[in-house]
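Quick note: the coordinates plus some simple rules give every number you see, no bench work behind them. Treat the numbers as computed from the prediction; the structure is a model and nothing was measured. Counting neighbours? That spans all protein chains shown, and the Cβs are built from the backbone with ideal geometry, glycine included.
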């Protein structure tokens, strides 16, 4: 389902909206999965390509974690849930990002492929 890739520091990355996005039913199921997992602030499904690292461009699942989230727990729960959603064996790389937001997250947000945003509770605005 996913293959671990190492992106070298300073590598060129191309991120944008996918020309042929995954079916809405699949992205919707991924959004529902993400919404059920504590520790995720945002989720995006942009297309990404890293020359000399990735064989071809593909959609990736980018997760912005909440401060203090346990990355191992989040990744285990995502992996378990994706196993049933991506039953056809289609690949989906997962890129967890920890706060604070950085330039990579800014590029991901520019692609306009956000599928989930955790809403702050009204009592936390005071």
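Miscellaneous remarks
- For the chain, calculated [θ]222 nm from helices alone, where every DSSP H run of n ≥ 4 adds -39500 (n - 2.57): -8500 deg cm²/dmol
- A straight line joining the Cα centroids of the stretch 43-78 and the stretch 16-32 runs 14 Å.
- Bridge type composition, the stretch 14-117 - antiparallel percent by DSSP, nearest 5: 70 percent
- The chain: relative contact order as a whole-number percent, Cα under 8 Å and 6+ apart: 36 percent
- Each of 110, 20 was scored by other Cβ atoms within 10 Å of its Cβ. Listed from fewest to most, they are 20, 110.
- Net lengthening on full extension, residue 102/residue 73 (0.36 nm per residue, minus Cα-Cα): 8.2 nm
- Modelled spin labels at residue 117 and residue 11, positioned 7 Å past Cα toward Cβ, are 3.0 nm from each other.
- The structure shown yields Rg and Dmax of the Cα atoms in Å, and of the options (1) 14.5, 48; (2) 15.9, 57; (3) 18.7, 56 that calculated value carries the label (1).
- Taking the number of Cβ atoms within 10 Å of each Cβ as an exposure proxy, the fewest-first ranking of 119, 83 is 119, 83.
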